[in-house]
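The values are calculated or read from the model by the stated rules, or taken from the named source; none is laboratory data. Because the structure is predicted, anything quoted here is derived from the model rather than measured. Virtual Cβ from ideal backbone geometry, glycine too; neighbours counted across all protein chains shown.
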Amino acid sequence: MKKVLFALTTTLILAIGLTSCSTNSPKASAEKFLTGLLHYDYDAAKSVSTEDTKKMIDLMAQFSAMMPDSIKQAAKKVKVNIVDVKEEGDKATVTYTTSDDPKADKPEEKKLNLVKKDNKWLVQYSKMDGMNEGDNPEITNPSADSTATTDTTIAPPADAPAVDTSKH
């Protein structure tokens with residue numbers, strides 16, 4: 001009788017443990033999507049994506065077919081670190097960093113949006129999501145003299161004769 005009771009208790013604890021580690025959470029979906037996307041495993045990324053996101057991933061897959069295998073192998077070393085998850089009803093925002101960030105001491109945090117459809121968390125990714133402010137150095141790193149304005153009018157050469165613009 002003790003063996004049966006022990007077996008039932010162990011089974012119950014195991015079942016609770018497995019269900020508490022849900023794979024249907026914003027964090028799990030984001031990890032699967034980002035890892036798939038960064039490692040060129042587009043089927044994995046599509047498995048947790050909205051329909052619009054799947055179309056974008058299909059386009060990315062076509063372009064990546066031209067990439068050399070050496071780049072794809074190097075990409076498999078990139079790790080995703082989920083920093084924060086904010087759930088608000090059927091929407092969630094996941095903040096993450098990647099190990100390939102050149103600023104190793106303080107990696108740039110990026111955001112990923114998810115939506116809950118049919119009780120499943122799916123990534124809602126667009127091409128604009130990949131264009132963070134940090135991706136455009138002209139926006140985030142203006143020149144040292146950021147107060148100077150650029151004159152866009154065209155001036156005549158210095159040795160050109162003066163033109164009288166007044167009417168007679």
> Would you say F33 is in contact with a helix residue (DSSP H, G or I) (Cβ under 6 Å, 6 or more places away or on another chain) and assigned to a helix (DSSP H, G or I)?
Replying inline: yes
> In this structure, is S166 modelled with pLDDT of 90 or more and surrounded by fewer than 11 Cβ atoms within 10 Å (Cβ to Cβ)?
Replying inline: no
>> Among the residues of the range 71-89, are any in a loop (DSSP other than H, G, I, E, B), within 17 Å of K117 (Cβ to Cβ) and either in contact with a strand residue (DSSP E or B) (Cβ under 9 Å, 6 or more places away or on another chain) or not charged (D, E, K, R) (or both)?
In response: yes
